[in-house]
Amino acid sequence: MNIKAFKKILVSKRQSYILFFERLTPFFSLVIMFLILGFLSPYFFTLNNLLTIGIQVSVIAIMAIGQTFVIIAAGIDLSVGSVLALSGIISAILMRGGCPISLAIIAGVGTGSFCGFINGFIITRGKIAPFIITLGMMGIARGLALIITGGNPVFGLPENFSFLGNGKIFGIPVPIIIMSFIVVVAYLFLSRHILGRYTYAIGSNVEAARLSGININRYNSAVYVISGTLAGIAGVLLTSRLVTGQPTAGTGYELDTIAAAVIGGASLMGGQGTIIGTIIGAFIMATLRNGCNLLNISAFWQLIIIGAVIILAVYYDQVRRRHSATLGG
């Protein structure tokens with residue numbers, strides 16, 4: 001082996017190690033955050049608090065998984081928070097009117113799927129930027145939720161319905177079980193199913209994907225339906241947890257889901273992202289909020305902190321992409 005070939009092997013190994021540690025950065029960040037908050041607050045590592053974090057993260061994580069599919073395909077979905085609210089309201093009103101719980105849940109989730117379908121259809125058929133369409137859907141869904149309820153919460157839901165958001169199975173909160181199931185299914189779809197492979201291909205290079213025979217419109221529409229469906233599930237879950245339908249629920253959640261995906265390694269330019277990374281990102285966001293509450297940090301300061309984290313996450317995404325391009329070159 002000559003010296004030049006040996007140097008290439010060393011450089012290649014160095015690049016592999018750097019990329020490996022870059023992928024582990026979100027996990028290391030979460031561990032460090034846990035250690036710091038555990039040191040600052042004696043209540044952080046209690047079982048009740050850890051379960052609380054798990055319950056709190058479940059809604060955001062479920063929505064962030066859908067957002068991850070969209071972001072990998074080089075899109076964005078700003079409507080998830082409003083779709084969550086509308087889906088929850090639809091389920092709540094139907095249950096209050098005497099509809100069976102199962103049918104009301106299906107209707108709520110179906111509402112989310114329909115909103116996602118509309119987003120995907122207009123984006124793909126109209127060739128309009130996802131930012132504009134999903135921003136419009138954000139206003140439409142929120143407006144419908146407020147009009148249907150008159151801006152008031154929906155009370156009088158069946159007691160059995162609260163089991164989804166507040167029940168436990170073998171001591172494990174149901175929201176955590178539902179989130180875990182969705183994580184497994186989404187992971188398999190993204191890593192093993194043709195939908196996942198095509199999603200990565202579209203996000204990496206849409207023109208190359210088209211020339212390869214991939215139906216761009218079909219798979220682009222699919223990721224928005226997935227996002228809307230998961231927002232609908234999150235809406236039903238949150239409604240069950242609150243035992244009321246809140247037309248203002250989910251305000252600002254779209255930013256949390258984007259931040260969770262980007263912190264977890266997804267790129268806003270498309271073509272990169274993992275389900276596990278997104279879950280770690282969602283836990284970082286939930287842990288940050290939980291820690292702020294334990295340390296009695298003002299809600300106003302929490303907004304500043306969360307906003308700063310989002311900016312840092314997007315900045316890190318840009319630095320990471322430039323670094324990866326440099327290593328690739």
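The values are calculated or read from the model by the stated rules, or taken from the named source; none is laboratory data. Quick caveat, the model's predicted, so the values are computed rather than measured. Here the Cβ positions follow ideal geometry from the backbone for every residue, glycine too, while neighbour counts run over all protein chains shown.
When we screen ALA266, ALA249, ALA308, ALA260 for residues that are crowded, with 16+ Cβ neighbours inside 10 Å and either free of Cβ contacts under 8 Å to residues at least 40 places away in the same chain or part of a helix (DSSP H, G or I) (or both), the only hit is ALA260. If only residues of the stretch 195-225 that are farther than 19 Å from MET63 by Cα and small (Gly, Ala, Ser) are counted, the one that is nearest to the chain's Cα centre (by Cα) is GLY203. The set of residues in the stretch 114-171 that are of a type in the set (D, E, K, R) and on the phi > 0 side of the Ramachandran plot contains only LYS127. Of all the listed residues (GLY167, GLY203, GLY213), the sole one being small (Gly, Ala, Ser), in contact with a Pro (Cβ under 8 Å, 6 or more places away or on another chain) and modelled with pLDDT under 90 is GLY167.
Hey, could you check the stretch 135-171 for residues that are among the β-branched types (Val, Ile, Thr) and touching a helix residue (DSSP H, G or I) at 6+ places or on another chain (Cβ under 9 Å) and say which is surrounded by the most Cβ atoms within 10 Å (Cβ to Cβ)? Going through the qualifying residues, I end up with VAL154. Exactly one residue out of GLY196, GLY203 is out of contact with any His (no Cβ under 9 Å at 6 or more places or on another chain), free of Cβ contacts under 8 Å to residues at least 40 places away in the same chain and not charged (D, E, K, R), and it is GLY196. Among residues belonging to the stretch 283-325 that are within 21 Å of VAL31 (Cβ to Cβ) and touching an Asp or Glu at 6+ places or on another chain (Cβ under 8 Å), point out the one that is modelled with the lowest pLDDT. Only one residue tops the list, namely ARG320. Suppose the filter is within 16 Å of the chain's Cα centre (by Cα) and crowded, with 20+ Cβ neighbours inside 10 Å; does VAL183 pass it? No: the conditions fail for VAL183. Quick check on PHE27: is it touching a residue at least 24 places away in the same chain (Cβ under 8 Å), closer than 18 Å to ALA259 by Cβ, aromatic (Phe, Trp, Tyr) and surrounded by 15 or more Cβ atoms within 10 Å (Cβ to Cβ)? Spelling it out, PHE27 is indeed touching a residue at least 24 places away in the same chain (Cβ under 8 Å), closer than 18 Å to ALA259 by Cβ, aromatic (Phe, Trp, Tyr) and surrounded by 15 or more Cβ atoms within 10 Å (Cβ to Cβ).
One residue alone among SER87, SER58, SER79 is farther than 15 Å from GLY245 by Cα and touching a Cys at 6+ places or on another chain (Cβ under 9 Å), and that residue is SER79.
Here's the yes/no breakdown for (1) surrounded by fewer than 18 Cβ atoms within 10 Å (Cβ to Cβ); (2) among the polar types (S, T, N, Q); (3) in a helix (DSSP H, G or I):
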| residue | (1), (2), (3) |
| --- | --- |
| LEU37 | no, no, yes |
| GLY54 | no, no, yes |
| ILE60 | no, no, yes |
| GLN67 | no, yes, yes |
| GLY75 | no, no, no |
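Would you please name the residue that is farthest from ASN296 (Cα to Cα), looking only at residues in the stretch 41-80 that are among the aromatic types (Phe, Trp, Tyr) and more than 14 Å from the chain's Cα centre (by Cα)? So, considering only residues that are among the aromatic types (Phe, Trp, Tyr) and more than 14 Å from the chain's Cα centre (by Cα), the one farthest from ASN296 (Cα to Cα) is PHE45.
Within the stretch 156-172, no residue that is under 13 Å from LEU237 (Cβ atoms) sits with its Cβ atom under 7 Å from a residue that is modelled with pLDDT of 90 or more and exposed (fewer than 14 other Cβ atoms within 10 Å of the Cβ) at 6+ positions apart or across chains. Condition check for ILE93 on (1) more than 25 Å from SER267 (Cβ to Cβ); (2) surrounded by 24 or more Cβ atoms within 10 Å (Cβ to Cβ); (3) hydrophobic (A, V, I, L, M, F, W, C): one failure, at (2).
Scanning the stretch 104-134 for residues that are assigned to a helix (DSSP H, G or I) and exposed (fewer than 15 other Cβ atoms within 10 Å of the Cβ) yields a count of 4.
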